[in-house]
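S.K.: This structure is in structure tokens; I'll ask about it shortly.
The values are calculated or read from the model by the stated rules, or taken from the named source; none is laboratory data. Just so you know, these numbers come straight off a predicted model, no measurement behind them. We place every Cβ from the backbone using ideal geometry, glycine too, and count neighbours over all the protein chains shown.
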Amino acid sequence: MFNILNIIEFAAILAFTISGIRLSAAKKFDYFGVLVIGFVTAVGGGTIRDLALGLTPFWMKTPMYLIGTFIALPIVVIFKKHLVHLNNTLFIFDTIGLGLFTVVGIQKTLDCGFPFWVAIIMGTITGSAGSIIRDILINEIPLLFRKEIYALASVIGGFVYWLCDSLNFTHGVTEIATAAIVILVRVLAVKFQICMPLVDPEEKEEKG
């Protein structure tokens, strides 16, 4: 039976799969290639999380996540002229997936009895690790390691989840608020070009 967490997780799978398929399609991968990249993007973070928590990876328990990958492919094929050439398509779906998966990662970790600091880390891994694997497979520098605010948005969302939980908000309100904050932070960071400072290895030390 589906519960609210399953619905959020499936929506995140669909969003991340579309982002993976869209990016690999733009690099002219074949149908099998885009399916692999889409699936890995969608389940990569959650797989790492479940293994770290000592659980069976979530996608092995039900075929619905694999079905989500096959649903995403015709969406991209049908709307490929818009999705491949629209510059912000990847950003939109990647951001939605980041927000939703952050919620899933936090909630599942708490359900396993781990403290909040572990839940925040696992929420961040769930939201961002899939995109790291995707970018490595398509020979791109992972977005997480560039100056854009990405994983930090998940961390901020984790603290929002903790705050809402401390205030005894309902699970629904807490999950919606967390996902919304992650998405909002990411959107505002890109819109106003708020970036993390870069490490310059050639920066000369100040003379004393």
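S.K.: With respect to Ile75, determine if the residue is surrounded by fewer than 19 Cβ atoms within 10 Å (Cβ to Cβ), in contact (Cβ under 8 Å) with a residue 40 or more places away in the chain and within 19 Å of the chain's Cα centre (by Cα). Give the steps one after another, and end with the answer.
M.R.: Numbers: surrounded by fewer than 19 Cβ atoms within 10 Å (Cβ to Cβ): yes; in contact (Cβ under 8 Å) with a residue 40 or more places away in the chain: yes; within 19 Å of the chain's Cα centre (by Cα): no.
It is false that Ile75 is surrounded by fewer than 19 Cβ atoms within 10 Å (Cβ to Cβ), in contact (Cβ under 8 Å) with a residue 40 or more places away in the chain and within 19 Å of the chain's Cα centre (by Cα).
S.K.: Limited to region 57-71, what total is found for residues that are of a type in the set (Ser, Thr, Tyr) and more than 21 Å from Cys112 (Cβ to Cβ)?
M.R.: Let us first name the residues in region 57-71 that are of a type in the set (Ser, Thr, Tyr), namely 62, 65, 69.
Among the residues that remain, those that are also more than 21 Å from Cys112 (Cβ to Cβ) are: 69.
Total meeting the criteria: 1.
S.K.: Related question: Could you list all residues from region 155-186 that are assigned to a helix (DSSP H, G or I), more than 19 Å from the chain's Cα centre (by Cα) and either over 16 Å from Lys108 (Cα atoms) or among the polar types (S, T, N, Q) (or both)?
M.R.: Across region 155-186, the qualifying residues are Leu163, Cys164, Ser166, Val173.
S.K.: Here's another thing I want to ask about it. Tell me, which helices (runs of 4 or more DSSP H) lie completely within region 40-143 with 3 or more residues that are over 17 Å from Ala11 (Cα atoms)? Quick ask: steps written out before the conclusion?
M.R.: Details: elements: 64-78, 80-85, 89-111, 116-137.
Ranges flagged: 80-85, 89-111, 116-137.
S.K.: Next question, about the same structure. Run down Phe58, Phe32, Phe16 and say which single residue is out of contact with any strand residue (DSSP E or B) (no Cβ under 7 Å at 6 or more places or on another chain), modelled with pLDDT of 85 or more, of a type in the set (Phe, Trp, Tyr) and more than 30 Å from Thr170 (Cβ to Cβ).
M.R.: Details: Phe58 fails: more than 30 Å from Thr170 (Cβ to Cβ); Phe16 fails: more than 30 Å from Thr170 (Cβ to Cβ).
Answer to the check: Phe32.
S.K.: For Phe70, indicate whether it is without any contact (Cβ under 8 Å) to a residue 40 or more places away in the chain and surrounded by fewer than 16 Cβ atoms within 10 Å (Cβ to Cβ). Spell out the reasoning first.
M.R.: Values: without any contact (Cβ under 8 Å) to a residue 40 or more places away in the chain: yes; surrounded by fewer than 16 Cβ atoms within 10 Å (Cβ to Cβ): yes.
In short, yes.
S.K.: Quick check on region 41-62. Is at least one of its residues surrounded by 20 or more Cβ atoms within 10 Å (Cβ to Cβ) and in contact with a Lys or Arg (Cβ under 6 Å, 6 or more places away or on another chain)?
M.R.: yes
S.K.: Need the failing condition index for Arg186 against (1) closer than 21 Å to Ala42 by Cα; (2) modelled with pLDDT under 95; (3) surrounded by fewer than 20 Cβ atoms within 10 Å (Cβ to Cβ), just the number.
M.R.: (3)
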